[in-house]
1. Find the centroid of the Cα atoms in segment 383-402 and in segment 10-66, then give the distance between the two in whole Å.
2. For the chain, what does the helix formula give at 222 nm: sum of -39500 (n - 2.57) over DSSP H segments with n ≥ 4, over the residue count, nearest 500 deg cm²/dmol?
3. Counting Lys +1, Arg +1, Asp -1, Glu -1, what net charge surrounds residue 209 among other residues with beta carbon under 11 Å of its beta carbon?
4. How about residue 100: which aspartates and glutamates have a C-alpha closer than 12 Å to its C-alpha, ignoring those fewer than 8 places off in the same chain?
5. Measure nothing but the geometry: give the 0 to 90° angle between the long axis through the Cα atoms of 138-153 and the longest principal axis through the Cα atoms of the chain, rounded to 10°.
6. List the lysines whose alpha-carbon lies under 30 Å from that of residue 196, not counting same-chain residues fewer than 8 positions away?
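What follows is calculated from the coordinates using simple rules that are stated; it is not laboratory data. In this text, all values refer to a predicted model and were calculated from it rather than measured experimentally. Don't worry about glycine lacking a Cβ; one is built from the backbone with ideal geometry, like all the others, and counts go over all protein chains shown.
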Amino acid sequence: MFFKFTTAGESHGKALIAIVEGVPAGLPIDIAAINHELWLRQQGYGRGGRMKIETDTVEILSGVRHGKALGSPIALTIENKDFVHWQDVMSSEELAEQPKNPRHVTRPRPGHADLAGGQKYQTRDLRDILERASARETAARVACGAIAKQLLAAFGIEIKSHVVKLGSHPESLIEKTWEEIAAIPTDSPLNCADAKVEQEMIALIDKAKTDGDTLGGVFEVLAKGLPVGLGSHTSWEDKLDGRIARAIMSIHAIKAVEIGDGVANAGRRGSEVHDEIFWSEPSASAEGQNVDEKSTNWSPAHAGGSDFFRKTNRAGGLEGGITNGEELRVRGYMKPISTLRKPLHSVDIDTKEASDAAFERSDITAVPAAGVIGEAMLAFVLANEMREKFGGDSLDEMHRNYLSYLDSLGRY
Ligand code: EPS
């Protein structure tokens, strides 16, 4: 791994922390932009009470000086404001006496890590599991992903997400262009590009709330401006679709990942699926005219620096595990959140008696937030690919390597 990050922190512990490695020296780091991503992750109709307590902001502790990366590990932290209410329950010190309300959890929630985690780690207080299994951890991922996005932006690569289905609605996934997705207002309640469908989704969330239930859905993440040639066909572990699927599936509650029209394509004939190849006169990028070292526009003119292109993109920008210069399109399928106000059947792990699953404050749905996290994870995977392919210790060196590669693509 060339660009990597590690997170630590429990949902109601003191803070989330992360260490990001592989950021080239000289990359400008915009803290306000990281905070904007954190804010976006907290939005979305159907979020729970915790989001009213937290205003997630990042503090950078190392690796950045005067607004620029040093090339050393970047350590960051996000405070858990809710910790003040959990100090004794979550204390790292051994306590002389039990807290008045120890908030032990002994009734595992179906669908959560509670029971399998408790059995595996041999703990009888399932809070030991749920605190780290909580999706609160994704705030740290979003901060790391925001740094990855800043590296990608230095090469003209952009990432966006939108919600394409909430619960069962609409029946077919919403399909929109990059421009239509870019036009979604930041205060859109569900980050949905169809305002009418969004209102219908809100009604579904209200109904689920009244019923004490939860909802899942589908988000789509897009990346634009990628060069041809990230990833590789040569080894299973280098195939970019595999790396992306792993990263998206690692997000809490994501149970399926689709690249391009992968699901629908399985039921079509080959002639209806594969994107035919065309070629046009060498573009400005092939001549190296619009990407020079002094330019701030690092984006190749069309189709990822190549003069070959497709008129359709059912493959979602990847062929043979390699980017083909078209827009990358990835969908994440999220199951409904497993903490239900109207609890499911469970068993108390101490008494072994049948009982309702534990209820903790939670969200009705978090699909828009999952989209923001999907952006962060895709940004991380792509930043790693860019570091792997273009190397360099400084951003300048990486830029030079990138230009030289675009030059060779232009001659192909
Ligand atoms: C979350 C914080 C959590 C939950 C949610 C996501 O906070 P709390 O448990 O204090 O309400 O709202 O976590 C879950 C959905 C889960 O299953 O644990 C966050 O910051 O995103």
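1. Cα centroid of segment 383-402 versus Cα centroid of segment 10-66: 25 Å apart.
2. My calculation for the chain gives -9000 deg cm²/dmol from helical runs alone.
3. Every neighbour counted, the sum reads -1.
4. Result set, ordered by chain and number: 88.
5. The answer is roughly 10 degrees.
6. Excluding near neighbours in sequence, the set is 52, 160, 165, 176, 207, 209, 224, 255, 311, 335, 342.
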